[in-house]
Amino acid sequence: MSESHVPPVITVESASVGYGEALVFRDLSLTIPKGQVTALCGPNGCGKSTALKAMRGLLPTRAGQILLDQTPIGGWGAKALARQIAILGQSPSAPQEMRVRDLVALGRYSHRAAFRTLSQEDSAAIETALEATDMAALSERPLGALSGGQLQRAWLAMVVAQEAPVIFLDEPTNHLDIAHALNVLDLVRHLSQTGGKTVVIVLHDLNMAARVADRVVLFRDGRIAADGAVADVLTEARISAVFDIACQVLTRPGSALPLIVPLGPLPQARRG
Amino acid sequence: MTLTAKAAAPVGVLLIALFAVAIGSSFMPLDRVIAALLGAGSRADGVILWNIRLPRVLLAALSGAALAVAGLLLQRATRNPLAAPSVLGIVDGAAVGVLVFFLIFSNEANALVVSVHWQPLAAIGGALVFATTVGVLAWQDAVSPLRLLLYGVAMAAFANAIVTLMLIAGPAFRACLALIWLAGSVHTADWREVGLLSLAWCLALPVLAVLIRPLDQLRLDDQSAQSTGLNVARTRAAALLVSVLMTAAAVSVVGGIGFVGLIAPHAARLLYGSGAGPQMAGAACLGAGMVMASDLLVRAAFQPLEVPAGAVTALIGAPYFLTLLIREGHAHV
Amino acid sequence: MRVAWLGGICACLALAGLGLHLGVRVYAPGQVWAALTQDGRDTASIIIRDLRVPRMALAIVVGAALGLAGLLMQSVTRNPIAEPGLLGVNAGAAFAVVVLITLAPGASFVTLALVAAFGALTAAVLVFGLAYAAGGRVSPVQVLLAGVTVAALLVAGLQVLIILNEAVLEELLFWLSGSFADRPVTGLWLAIGALTLGVALALAFSGALDVLQTDAATATSLGVPVLRLRFGMLAVAALLAGVSVALAGPVAFLGLVAPHLARLCGAVRHRDLIPLSLIFGVALGLAADLVARFILFPTEAPISAVMALLGVPLLVTLLRRNRLLLA
């Protein structure tokens, strides 16, 4: 169900991925179109984070294959792949005493040749990343002295400094208050529209997805329940089926985007 | 850290080295030391210096530096500030190697049939066998630090049990020799052993240079490090391997000297920061100083008792480590 | 579960029987029975009654004590690898004993045992404090490493004390090597007393120990005095470990493996875990005693070495099958 006029950059072909003995999803097929923001949504445990990690090559595929620019993910070297896709996980960690600037500099690893100090390009990329995430003023602070929102922006700066054309974000707004969450979403839109990046973002909140994404993919129980443009996918019928809730979908004032209002859980008898 | 403090370590180490060369069963003042080094002093001085003291001091320095760097690699690879080479079963495995060597290569008269200079190789062999066993056991898709350490401690105890049994089963004099080696000491140093350690260092240095930036990257969690392009599994395996080899080499010639690998990296981080390059150089320097100082103390203060240097490094090092932790409040790698 | 109980007790009885039957000289069951029931004066009776029975009693008591000590340490710290040997607790007891022997050579066994228990407790507190300082929380990794560090420090101290004090060297080496043979029987009654006290206290608080397996906040809200219970049970474990070390020298791995064998049999509540840990501890102690007689025939092997030889493969098997319940 991809839009045929936008070239796919990542293709998942009948892939099965799991942890240990259990499979999280089986025979999954999906394409990520270039230059757009794709949101992966769905209830807990539906496989959206697993799909993201698999597409970045962090999890092996038991069956099927995942292709980046027509080459299987497993065939890419670690640094080459890092120059193509940057991922920000749900719980990244770094030593508390590390300064913001040093963290962002770590994002340049895949661009640096052995034994050379930071080049002009590296320094420029770091400065740009700090500016884009509004962290320039805090660049000398240790990570341990940052608030939750500032810390998340520091990690985003590291991802931006990596200068990869594809960016994966796994629930980047989880612990942020509304203002900071909106800031992150606006940054994501900016990266896509001005920077031409392809973004895949896993989100819990459907309204955030509506705000930031061009395309939405709904997951349920390891299968894709819906895949298409925001307005086509985020309808009452589809949301009810995937999330087992009753809801109303209004139109956001001042735009054509949907506004989802949850009404309550569906009674057992009516669940899919 | 101020510049004076940073310079204090290398300068201090050099001073310790000078003292170590000067002190022994007879005290040799500085002018005679220099004269003997230049070949211009008396023959007796030259013999003492070149045949006895210099090898001993160099051995202490090289092994101390090796143990310190091995400890740093281990702490970075497992992201754990309390990791030390002795927990991987390497030291006790080396002991098994040495005892097996004595057992196989002795005739009925309890004399060694091959040259005792092969002993370090036996020690390295034993260390590698046990370290490999630990690695193979701990490898389940990835190396979990807890499993690695647990297998290491278990195999160390196993090796220790074997050593105890062999000591009891064998004749007494061999037990004495083995016990002395096990406790860790530098006093049977000769140039062959210095050569062995130098060789180990020559092999290790290029690998260490290449590992510096990956080790810095490994400060991130595994997933983020991999996202930025680091091959996490390969880096960790390389660091562990070099750590094992350097520990095996050091332990094979000086026996079980502990705590250097635990403390030197922490002290180096306090002085030189957590960039892998400066910390590694600082740790090597401090490790060399620690073992030289311990050996010096043994010769100067405890004569004629041969208190093992390993016990001294433990007794000095551990309380210092504790105060480090308390002052820091929260140790890191 | 009933199978586990029966199996465990049968194993203990079988091992005990073998312990009386086998040795440098092998005695037929008839002779053993006669020696135990009649007051004979022949060699067989003397050996069985005066040598083998005491050492068997010692193996039983020390095995049970260490099994229970290991269980209590694991429960109190919610740490599956806690035990007196690995975490330097035994080393603390040993160090305290050596200091005592050096300073006051003629000390009575009671003093020895109490000093050992004190040393054990100090080491335990030191280990957990060190682990906390190094990581801000008491995770199994930190505790293990802290334990190894503290143990190494104490052993180094031991070495120096031994070297500085040649006079007590032989006596110390003999005791440090650990054996169930040729030990003062007076100590046995003290050990039995300590064990009875420990078992009684553990059983009395078994309900609270169950609650302690949740986190501290939950346990407090359910009315369990977390800090006092932890310290109290740790003190009991230190007492048991100290007495064992004073009697038989440091023995590692028994306290680690026995509770896990109990858990493997399906025991979850302490009402079941405590007796099963005792039973498996006894079985391991008797097995170690038996092996110690034969592995270096005809010389006796130290219990600590034998226990490591038996315990490490067991531990490795448990780990490989992911039965150690590590996070």
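Can you give me the number of residues within the stretch C:103-129 that are in a helix (DSSP H, G or I), more than 15 Å from residue C:246 (Cβ to Cβ) and out of contact with any helix residue (DSSP H, G or I) (no Cβ under 6 Å at 6 or more places or on another chain)?
4
Among the residues of the stretch A:52-70, are any away from every other protein chain (no Cβ under 14 Å), crowded, with 22+ Cβ neighbours inside 10 Å and in contact with an Asp or Glu (Cβ under 7 Å, 6 or more places away or on another chain)?
Checked the stretch A:52-70: no residue is away from every other protein chain (no Cβ under 14 Å), crowded, with 22+ Cβ neighbours inside 10 Å and in contact with an Asp or Glu (Cβ under 7 Å, 6 or more places away or on another chain).
Condition first: assigned to a helix (DSSP H, G or I) and crowded, with 17+ Cβ neighbours inside 10 Å. Now tell me which residues in the stretch C:213-234 satisfy that.
To start, the set of residues in the stretch C:213-234 that are assigned to a helix (DSSP H, G or I) comprises C:216-221, C:226-234.
The answer is C:219, C:226, C:229, C:230, C:233, C:234.
Can you tell me which of (1) closer than 30 Å to residue A:175 by Cα; (2) touching a residue at least 12 places away in the same chain (Cβ under 8 Å); (3) not hydrophobic (A, V, I, L, M, F, W, C) is the one residue A:20 doesn't meet?
Single failed check for residue A:20: (2).
Listed residues C:89, C:97, C:53; which is in contact (Cβ under 8 Å) with a residue 60 or more places away in the chain and more than 21 Å from residue C:232 (Cα to Cα)? Quick ask: steps written out before the conclusion?
Values: C:89 fails: more than 21 Å from residue C:232 (Cα to Cα); C:53 fails: in contact (Cβ under 8 Å) with a residue 60 or more places away in the chain.
Just a single option satisfies the conditions, and that option is C:97.
Which one is farthest from the other protein chains (Cβ to nearest Cβ) among residues in the stretch C:289-304 that are of a type in the set (A, V, I, L, M, F, W, C) and in a loop (DSSP other than H, G, I, E, B)?
So in the stretch C:289-304, the residues of a type in the set (A, V, I, L, M, F, W, C) come out as C:290-292, C:294-297, C:301, C:303.
Still in the running and in a loop (DSSP other than H, G, I, E, B): C:295, C:297, C:301.
Details: C:295: 7, C:297: 10, C:301: 6 Å.
The residue in question is C:297.
Looking at the stretch C:260-275, can you tell me whether even one residue there is closer than 12 Å to residue C:63 by Cα, touching a residue at least 24 places away in the same chain (Cβ under 8 Å) and either within 14 Å of another protein chain (Cβ to nearest Cβ) or crowded, with 24+ Cβ neighbours inside 10 Å (or both)? Don't jump to the end; show me each part of the working.
Start the filter on the stretch C:260-275 by keeping residues that are closer than 12 Å to residue C:63 by Cα, which leaves none.
No, the stretch C:260-275 has no match at all.
How many residues does the stretch A:128-151 contain that are part of a loop (DSSP other than H, G, I, E, B) and under 17 Å from residue A:177 (Cα atoms)? Write out each step before concluding.
We begin by selecting, within the stretch A:128-151, every residue part of a loop (DSSP other than H, G, I, E, B); these are A:133-135, A:139-141, A:146-147.
Adding the requirement that they be under 17 Å from residue A:177 (Cα atoms) leaves A:133-134, A:146-147.
Result for the stretch A:128-151: 4.
With respect to residue B:86, determine if the residue is within 14 Å of chain C (Cβ to nearest Cβ) and either outside any helix (DSSP H, G or I) or not basic (Lys, Arg) (or both).
Here the answer is yes, as residue B:86 does meet what is asked.
With within 14 Å of the chain's Cα centre (by Cα), within 24 Å of residue A:69 (Cα to Cα) and within 13 Å of chain B (Cβ to nearest Cβ) as the only criterion, which of A:169, A:191 stands out? Break it down into steps so the answer makes sense when it comes.
On the way: A:191 fails: within 13 Å of chain B (Cβ to nearest Cβ).
Selected residue: A:169, the only one of A:169, A:191 that is within 14 Å of the chain's Cα centre (by Cα), within 24 Å of residue A:69 (Cα to Cα) and within 13 Å of chain B (Cβ to nearest Cβ).
Every residue in the stretch A:84-96 that is more than 7 Å from chain B (Cβ to nearest Cβ) and of a type outside the set (Val, Ile, Thr), please. Spell out the reasoning first.
Here is the first cut: in the stretch A:84-96, the ones more than 7 Å from chain B (Cβ to nearest Cβ) are A:84-85, A:88, A:90-91, A:96.
Within the stretch A:84-96, A:84, A:88, A:90, A:91, A:96 qualify.
Taking the stretch A:91-104 only, how many residues are within 21 Å of residue A:50 (Cβ to Cβ) and touching a helix residue (DSSP H, G or I) at 6+ places or on another chain (Cβ under 7 Å)? Give the steps one after another, and end with the answer.
So the first thing to find is which residues in the stretch A:91-104 are within 21 Å of residue A:50 (Cβ to Cβ), and the list is A:91-93.
From what is left, the residues that are touching a helix residue (DSSP H, G or I) at 6+ places or on another chain (Cβ under 7 Å) are A:92.
Summing the residues that are within 21 Å of residue A:50 (Cβ to Cβ) and touching a helix residue (DSSP H, G or I) at 6+ places or on another chain (Cβ under 7 Å) in the stretch A:91-104 gives 1.
What is the number of the single condition among (1) in a loop (DSSP other than H, G, I, E, B); (2) in contact with a His (Cβ under 8 Å, 6 or more places away or on another chain) that residue B:307 does not meet?
Answer for residue B:307: the failing condition is (2).
For the condition within 11 Å of chain A (Cβ to nearest Cβ), among the hydroxyl-bearing types (Ser, Thr, Tyr) and over 13 Å from residue B:69 (Cβ atoms), what is the one hit in B:224, B:252? Let's see the steps before the verdict.
Working: B:252 fails: within 11 Å of chain A (Cβ to nearest Cβ).
The conditions single out B:224.
Could you grab me the full set of residues in the stretch C:22-33 that are of a type outside the set (Val, Ile, Thr) and within 17 Å of residue C:300 (Cβ to Cβ)? Explain how you work it out, then say what you get.
As a first pass, look at the stretch C:22-33 and keep what is of a type outside the set (Val, Ile, Thr): C:22-23, C:25, C:27-31, C:33.
Matches in the stretch C:22-33: C:22, C:23, C:25.
Which of the residues belonging to the stretch A:107-127 are in a helix (DSSP H, G or I), surrounded by fewer than 17 Cβ atoms within 10 Å (Cβ to Cβ) and not small (Gly, Ala, Ser)? First the steps, then the outcome.
Restricting attention to the stretch A:107-127, the residues satisfying the condition of being in a helix (DSSP H, G or I) are A:109-111, A:120-127.
In the following step, the residues that additionally are surrounded by fewer than 17 Cβ atoms within 10 Å (Cβ to Cβ) were identified as A:120-121, A:123-124, A:127.
Of everything in the stretch A:107-127, those that are in a helix (DSSP H, G or I), surrounded by fewer than 17 Cβ atoms within 10 Å (Cβ to Cβ) and not small (Gly, Ala, Ser) turn out to be A:120, A:121, A:127.
Determine which member of the set C:178, C:198 is surrounded by 16 or more Cβ atoms within 10 Å (Cβ to Cβ) and at pLDDT below 80.
Just a single option satisfies the conditions, and that option is C:178.
Here are A:230, A:216: which of them is at pLDDT below 95, in contact with a strand residue (DSSP E or B) (Cβ under 6 Å, 6 or more places away or on another chain) and β-branched (Val, Ile, Thr)? Outline the logic, then answer.
Values: A:216 fails: at pLDDT below 95.
When all the criteria are applied, what remains is A:230.
Would you mention how many residues in the stretch A:262-272 are surrounded by 10 or more Cβ atoms within 10 Å (Cβ to Cβ) and modelled with pLDDT of 85 or more?
Summing the residues that are surrounded by 10 or more Cβ atoms within 10 Å (Cβ to Cβ) and modelled with pLDDT of 85 or more in the stretch A:262-272 gives 4.
Hand me the list of strands (runs of 3 or more DSSP E) wholly inside the stretch A:172-272 holding 2 or more residues that are farther than 28 Å from residue A:93 by Cβ and of a type in the set (A, V, I, L, M, F, W, C). Before you say what the answer is, go through the steps one by one.
On the way: elements: A:198-202, A:215-220, A:223-229, A:245-251, A:258-265.
In the stretch A:172-272, the matching strands (runs of 3 or more DSSP E) lie at A:215-220, A:223-229, A:245-251, A:258-265.
The values are calculated or read from the model by the stated rules, or taken from the named source; none is laboratory data. These numbers were taken from a predicted model, which means no experiment stands behind them. Reconstructed Cβ throughout: ideal geometry from the backbone, glycine too, with neighbour counts over all protein chains shown.
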